[in-house]
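The values are calculated or read from the model by the stated rules, or taken from the named source; none is laboratory data. Quick caveat: nothing in here was measured; it's all calculated off a predicted structure. Neighbour counts run over all protein chains shown; Cβ positions are idealised from the backbone, glycine included.
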Number of protein chains: 2
Amino acid sequence: MVPNGDRPILLSKDCPVRQILDLVRDKWIPPVLYTLCSGTRRYNDFQRQIPGVSKKMLTQTLRQLESDGIVERTVYPVVPPKVEYKLTPFGEKLIEPISVLADWAWQHQEELKLIHERRTSLSIVT
Amino acid sequence: MVPNGDRPILLSKDCPVRQILDLVRDKWIPPVLYTLCSGTRRYNDFQRQIPGVSKKMLTQTLRQLESDGIVERTVYPVVPPKVEYKLTPFGEKLIEPISVLADWAWQHQEELKLIHERRTSLSIVT
DNA sequence: CGGTATCCGCTTCGATACTG
DNA sequence: CAGTATCGAAGCGGATACCG
């Protein structure tokens, strides 16, 4: 982030920082990754553990992560259908830096709480 | 991120992780913070250094960051107008974890590049 | 120079209904 | 159980014009 050295700009589509931020920008990707941290999950597990996610968005997110090589999808040919999702090795590596962000957030939750409260109180006025 | 211990869920609005992710989700916040890393900046500096940002979004982003206590805005009563922006102490602290994310992205740019290329080639097909 | 104001397209996302 | 299909509202964000 800090412009040490002579790295290219953060803003072009070719910039890796831009690319990882784009991953995080996806509303449901962090919740899904979080759910997958502790192991293999089934479709319904996500629906129960992630409050407010619709089937549409859940499927869309899982498909995206699958085609990104972050999540592996396994279909068992049984009735009723059984589908399992788990992190790929790359997916597990991706957890690391996000964890750092998460840890920092927990350590500074008081400041973040202030920001959030100020934002919501403003949006009520407007 | 990793659900070690018995931390509350990442998904509620009260969760600090959710809150910092919401900051990063804002399209123009990372570019603006990046620009501010190396010191005080004026309005026009952002417009020149951040390709593609409109005045509307730039102003909106700066106002947001100001009311969040992340950026400090100083107006000099001169003609022509002169306005300076800089990070607050909290803003500078906020740079740390994002830097970690950025460093990770640079170290894994090959994998990220693959993801990005796959995504864009798919969107052309669709 | 450093903004506001307005219009509007486009994506995002939630709700609902249906399926193998 | 694990999806797919369709619709429509909301709002993000770009373009343009104007202002103190």
task = Could you grab the pairs with beta carbons closer than 9 Å, sequence gap of 6+ or different chains, first residue in the stretch B:48-68 and over 20 Å from B:E92 (Cα atoms), second one within 10 Å of DNA strand D (Cβ to nearest atom) and hydroxyl-bearing (S, T, Y)?
result = B:V53/B:T61
ask   = Considering only residues of the stretch B:35-65 that are charged (D, E, K, R) and in a helix (DSSP H, G or I), which is farthest from DNA strand C (Cβ to nearest atom)?
value = B:R48
key: Any hit, the stretch B:74-89, residues being more than 7 Å from chain A (Cβ to nearest Cβ), more than 23 Å from A:L114 (Cβ to Cβ) and in contact with a Ser or Thr (Cβ under 8 Å, 6 or more places away or on another chain)   = yes
task = With the checklist (1) more than 30 Å from B:L36 (Cα to Cα); (2) in contact (Cβ under 8 Å) with a residue 40 or more places away in the chain; (3) more than 8 Å from chain B (Cβ to nearest Cβ); (4) away from DNA strand D (no atom under 15 Å from the Cβ) in hand, flag the one item A:C37 doesn't pass.
result = (3)
query = Do we find a residue being at pLDDT 90 or above, among the β-branched types (V, I, T) and surrounded by 15 or more Cβ atoms within 10 Å (Cβ to Cβ) anywhere in the stretch A:80-95?
reply = yes
query = Any residue in the stretch B:6-14 that is within 12 Å of another protein chain (Cβ to nearest Cβ), surrounded by 14 or more Cβ atoms within 10 Å (Cβ to Cβ) and either within 16 Å of DNA strand D (Cβ to nearest atom) or not in a loop (DSSP other than H, G, I, E, B) (or both)?
reply = no
query = Considering A:T74, A:T59, which residue is within 13 Å of DNA strand D (Cβ to nearest atom), hydroxyl-bearing (S, T, Y) and in contact with a strand residue (DSSP E or B) (Cβ under 6 Å, 6 or more places away or on another chain)?
reply = A:T74
